[in-house]
Amino acid sequence: MRGRPGLVLAALAAVFLAAIPTTSGTAGAEPGNSEAAAPTAVVEVADDWNPPAHLRQPLQEVWDHVEATYPDLHGFRNYGWDQVMANGGYLNFCVRWDSSRPVSEELRDRIHETLRRQYRKWTDVMLDNGQGHNAWPYTEVPVTVVGWAVRDRDTLRWDDDSVDIYVNDIREGAPQCAEECGRFFNQDGDYSRCPGGTARHYDQSLWLTEGMSGGAGGDWGQRMGSEYFVDSLDAENVTILLHEIGHTFGLDDFYDWTPTGVSEFIMRAGSSPHITEFDGWMLRDFWRNVKHRYGL
Ligand SMILES: [Zn+2]
């Protein structure tokens, strides 16, 4: 895909800054005096970390860069990881249909299926021979669209009630599903004000905007052109979506530097149409570095 997802890092950083109150500062109380009479056992956290040798250096460079540049890397509590863990292994979505194009029941279902299929390309990275990699607890992460947001109900050409429909609830100039039901707005996980409760809450939005090129991604979801998405329904890789999902799980952009020895991977916009081995190990490395917050 040609369009470089331009807004992405800015959008992600903005979300990080906006969404986080100020919860950092776990002052590391280092063990004080060690009276070295008895041998001290070195306690290591169980960690299954075995990337291919040629990727070790670039992975370390990436993580060092993340630690040096993210404003609240370890205080931020709304990565895709946090969402999956809070739910116990699934993700719910709202589709923000920021377009006047009518949506048939068939198109709706194809959009759902494409989102699921693409999302799975990332979540499958967390498996080793069908088991969770490095204590990842889920062998699959079901993705369900629970709501659609539109300006005009007539745009949606179906009558069934399989998804909740939100009409003309406008934020950021685009339709959104009810804030009472959104994870972004209720990071304490309290969905008691959502009419459908926890079962109909949404963690992320698939925000499809008519006439947009490029994309944006963050803890709130993924945004790209509605025409691009619809035109990509049969594609093996919906490249912009895949790139933006990477951001949802904390992965960075690579606009101004390249890790040693690797230059083609989906998080380096424009260099790969699909998730590469290096992308996969970056995802696994992010998990390795945040899993302790879940006691793993
Ligand atoms: Zn990006």
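A compact table of results
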item: In the stretch 236-262, residue surrounded by the fewest Cβ atoms within 10 Å (Cβ to Cβ) [restricted to those that are within 11 Å of the ligand (Cβ to nearest atom) and hydrophobic (A, V, I, L, M, F, W, C)]; result: Phe254
item: Selection status of Gly80, under 29 Å from Asp169 (Cβ atoms) and loosely packed, with under 14 Cβ neighbours inside 10 Å; result: no
item: Residues of the stretch 189-239 classified as among the small types (Gly, Ala, Ser) and touching a Leu at 6+ places or on another chain (Cβ under 9 Å), total; result: 9
item: Residue within the stretch 137-157 that is among the hydrophobic types (A, V, I, L, M, F, W, C), touching a strand residue (DSSP E or B) at 6+ places or on another chain (Cβ under 7 Å) and assigned to a helix (DSSP H, G or I) present; result: no
item: Members of the stretch 113-132 found to be surrounded by fewer than 19 Cβ atoms within 10 Å (Cβ to Cβ) and in a helix (DSSP H, G or I), listed by number; result: Glu113, Arg116, Arg117, Arg120, Asp124
item: Cross-chain or 6+ apart pairs with Cβ under 6 Å, the stretch 237-261 first and free of Cβ contacts under 8 Å to residues at least 60 places away in the same chain, then in a loop (DSSP other than H, G, I, E, B) and within 12 Å of the ligand (Cβ to nearest atom); result: Leu251/Met267; Phe254/Arg268
item: Of all residues making up the stretch 190-211, the number that are touching a residue at least 40 places away in the same chain (Cβ under 8 Å) and part of a loop (DSSP other than H, G, I, E, B); result: 4
item: Criterion violated by Lys291 - all others in (1) more than 16 Å from the ligand (Cβ to nearest atom); (2) buried (at least 20 other Cβ atoms within 10 Å of the Cβ) satisfied; result: (2)
item: The stretch 254-296 - residue that is in a loop (DSSP other than H, G, I, E, B) and of a type in the set (A, V, I, L, M) and, of those, nearest to Asp47 (Cα to Cα); result: Leu296
item: Residue identified as more than 19 Å from Asp285 (Cβ to Cβ), of a type in the set (Gly, Ala, Ser) and at pLDDT 95 or above among Gly88, Gly80; result: Gly88
item: Qualifying residues in the stretch 214-235 (those that are more than 15 Å from the ligand (Cβ to nearest atom), outside any helix (DSSP H, G or I) and touching a residue at least 24 places away in the same chain (Cβ under 8 Å)) - the one farthest from Arg117 (Cα to Cα); result: Ser232
item: When residues of the stretch 83-112 are limited to those that are outside any helix (DSSP H, G or I) and small (Gly, Ala, Ser), the one surrounded by the fewest Cβ atoms within 10 Å (Cβ to Cβ); result: Gly88
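The values are calculated or read from the model by the stated rules, or taken from the named source; none is laboratory data. Since this is a predicted model, take the numbers as computed values, not measurements. Because the Cβ atoms are built from the backbone with ideal geometry, glycine has one as well, and the counts that use them run over all protein chains shown.
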